[in-house]
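Please treat every number below as a calculation from the coordinates, not as lab data. The shown structure was predicted, so the numbers you read here are calculated from the model rather than taken from an experiment. Reconstructed Cβ throughout: ideal geometry from the backbone, glycine too, with neighbour counts over all protein chains shown.
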Ligand code: TMP
């Protein structure tokens, strides 16, 4: 069934805390799908810093501007909504699988990890309700200690130990509610393994997901609806 032509592409999201190797794995996965399996697939990422909104986000992340916590949350969400037509057209018209580096889960996990929004998880989620829903979320899990052993965090605004710890907790909260609602399946992969081991686990999950989308002719879902 993997070689059958799909009625639409599968939408795969990779999430995880900073330094978990997400970006490396997105690249390897794309290569695996396109080069080894000969499939039509593209990579996307959020924040998409190439748009007007993305440019504002970039300035904020590099501490070149200050914004209210809700304002920046809305910008991250707006960034997804402005790119959503391209995402949908890649999946539905292009029939290409989309491998996405971060999505609304990062949006909610990072914003709601801030003190000012710690009791506003539902508000944080509400901004992204109705976006295309992933067919699978692959969460690359790394403990705080393991992340730190990878040479520390970079210079950007959110790359701080305490915040990252809370972000990790928020991710597992989101996983729990998604699992309860039974809409979007989550797969947790131990990111402390070697690059090759992580890649193999991810490939197996993605091939399974693609097969399901094709065989069941699964329609594209709407996030958190
Ligand atoms: P990046 O390192 O993948 O480019 O992401 C930049 C930072 O933005 C990262 O610390 C996670 C954070 N982020 C949010 O706070 N909200 C969002 O909606 C997204 C997609 C990322």
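Quick one: if you stick a label point 7 Å off each Cα along the C-beta vector at residue 64 and residue 36, how many nm between them?
Reported label-point gap for residue 64 and residue 36 is 3.9 nm.
Against the longest alpha carbon principal axis of the chain, how many degrees, from 0 to 90 and to the nearest 10, is the axis of helix 22-31 turned?
The two axes meet at around 20 degrees.
Using the alpha-carbon atoms, what tilt in degrees (0 to 90, nearest 10) does helix 195-215 show relative to the longest principal axis of the chain?
Its long axis makes an angle of about 60 degrees.
When every alpha-carbon pair in the stretch 152-204 is counted, what percent end up more than 15 Å apart?
Numbers: 887 of 1378 pairs.
Beyond 15 Å sits 64 percent of the P(r) for the stretch 152-204.
Only Cα pairs within less than 10 Å get springs; with that Gaussian network setup on the chain, which residue of 182, 54, 130 has the largest fluctuation?
Taking springs between Cα atoms under 10 Å, the residue moving most is 182.
Which three semi-axes in whole Å describe the equivalent ellipsoid of the stretch 1-93, each the square root of 5 times a Cα gyration tensor eigenvalue, listed largest first?
30, 16, 10
Divide the volume of the convex hull of the Cα atoms of the chain by its number of residues and quote the answer in cubic angstrom per residue. Walk me through the intermediate numbers first.
Details: hull volume 25.6 nm³, N = 225.
For the chain, the hull spanned by Cα atoms encloses 114 Å³ per residue.
Considering only 199, 164, 118, give the residue with the highest GNM mean-square fluctuation for the chain, with springs between Cα atoms whenever their separation is below 10 Å.
Result: 118 has the largest fluctuation of those listed.
With springs only between Cα atoms under 10 Å, which of 157, 70, 170 fluctuates most in a Gaussian network model of the chain?
The residue with the greatest mean-square fluctuation here is 157.
Determine the gain in length on full extension of the stretch residue 190-residue 148; use 0.36 nm per residue of separation and subtract their C-alpha separation, reporting nm with one decimal.
13.6 nm
Expressed as a whole number of Å, what is the distance separating the alpha-carbon centroids of the stretch 75-145 and the stretch 1-44?
Answer, in whole Å: 16.
Tell me, what is the percent relative contact order of the stretch 72-225, built from C-alpha pairs under 8 Å that lie six or more residues apart?
Relative CO of the stretch 72-225 lands at 31 percent.
Would you mind getting me the FRET efficiency between residue 215 and residue 75? Use the beta-carbon distance for r and R0 = 22 Å, nearest 0.05. Let's see the in-between values first.
On the way: r = 39 Å, r/R0 = 1.75.
For R0 = 22 Å, the calculated efficiency reads 0.05.
Cα axis of helix 52-61 to longest principal axis of the chain: angle in degrees, 0 to 90, nearest 10?
That helix lies at roughly 50 degrees to the long axis.
Where does each of 91, 222 land when they are ranked from fewest to most other beta-carbon atoms within 10 angstrom?
So the residues, fewest neighbours to most, are 222, 91.
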